[in-house]
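A.B. asks: Sending over a structure as structure tokens; questions will come in a sec.
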Amino acid sequence: MAENDQAEKAADRDAPPAKKRFKLIVAVGAVLLILVTGGSIWFFLFRHHDGEQLAEAPPPKPPSFVDIPDMLVNLVGAPGERVQYLKVKVVLEVKEEPQVEKIKPALPRVTDLFQTYMRELRPSDLNGSAGLFRLKEELTKRVNAVISPDHVNAVLFKEVVIQ
């Protein structure tokens, strides 16, 4: 047995240097991989940007509003039914204050378009929130056609009464 141990030790001494070199390369590679990974984690997670100043965005400008005169229209009904009326208070939302002055000269035309469209509505067209949403979308589309190239963001209802 002693002879076998001595033979193995002799074989280890005579082992080619390539095997030792391979083990060294693997060990150095593992250490480098750990260092690079640790450095990356520190860089992305723990490094503070104290010296950098972020530019603050200016606060958004509040929208401007244009009041439309109150409108009262009768709704289309079947013959013999009671006449129903629609009373609407509407406000136009625009992006900037200068647009308000551009829209004001076109208000009579906008009011006329609103009146002629709403006179063709039936009470069933205004049922529920979906009906009011469709009305709002139609009015927005019509006012944008009148004041083009300017643009209205939304038509807002202050009051809607069906009687």
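The values are calculated or read from the model by the stated rules, or taken from the named source; none is laboratory data. Every value quoted in this text rests on a predicted model; they were computed, and no experiment measured them. Positions of Cβ are backbone-derived with ideal geometry, glycine not excepted, and every protein chain shown enters the neighbour counts. Quick note on the areas: whole protein, heavy atoms, side chains included, nothing else; ligands and nucleic acids left out. Shrake-Rupley method; radii C 1.70, N 1.55, O 1.52, S 1.80 Å.
A.B. asks: Name the residue farthest towards the positive end of the dipole of segment 17-136 from the options Thr116, Val94, Phe43, assuming +1 on Cβ of Lys and Arg, -1 on Cβ of Asp and Glu, about the Cα centre.
C.D. replies: Farthest along the dipole direction, towards plus: Phe43.
A.B. asks: Rounding to the nearest 10 and keeping the result within 0 to 90°, find how far the Cα-based axis of helix 2-13 lies from the longest principal axis of the chain.
C.D. replies: 60
A.B. asks: Another one. Between 0 and 90 degrees, rounded to the nearest ten: what's the tilt of helix 107-118 against the longest Cα principal axis of the chain?
C.D. replies: 90
A.B. asks: Turning to a different aspect of this structure: Mind checking the dipole of the chain: about its Cα centre, +1 per Lys or Arg Cβ, -1 per Asp or Glu Cβ, Debye to the nearest 20?
C.D. replies: 280
A.B. asks: While we're here: How many Å² of accessible area per residue for the chain, probe 1.4 Å?
C.D. replies: About 77 Å² of surface per residue is accessible.
A.B. asks: Between Lys136 and Glu93, with labels modelled 7 Å along Cα→Cβ, what's the label distance in nm to one decimal, could you check?
C.D. replies: Spacing of the two 7 Å Cα→Cβ label points: 0.8 nm.
A.B. asks: If you roll a 1.4 Å probe over the chain with all protein chains in place, what percent of the accessible area is carbon or sulfur?
C.D. replies: 59
A.B. asks: Structure shown: which of Lys61/Lys89; Lys61/Lys158; Lys87/Lys136; Lys61/Lys95; Lys95/Lys141 lie over 19 Å apart, alpha-carbon to alpha-carbon?
C.D. replies: As for pairs spanning more than 19 Å Cα to Cα, those are Lys61/Lys89; Lys61/Lys158.
A.B. asks: Students often get this wrong, so try it: which of [x] 9.5; [y] 12.9; [z] 25.5 is mean projected area of the Cα convex hull in nm² as calculated from the structure shown?
C.D. replies: [z]
A.B. asks: Quick one: if the Förster radius is 25 Å, what FRET efficiency do Asp70 and His151 give, using the C-beta to C-beta distance and rounding to 0.05?
C.D. replies: Computed FRET efficiency for Asp70 and His151 comes out at 0.55.
A.B. asks: Can you give me the angle between helix 128-147 and the longest principal axis of the chain, using Cα atoms only, in degrees from 0 to 90, rounded to the nearest 10?
C.D. replies: Helix 128-147 and the main axis of the chain meet at about 80 degrees.
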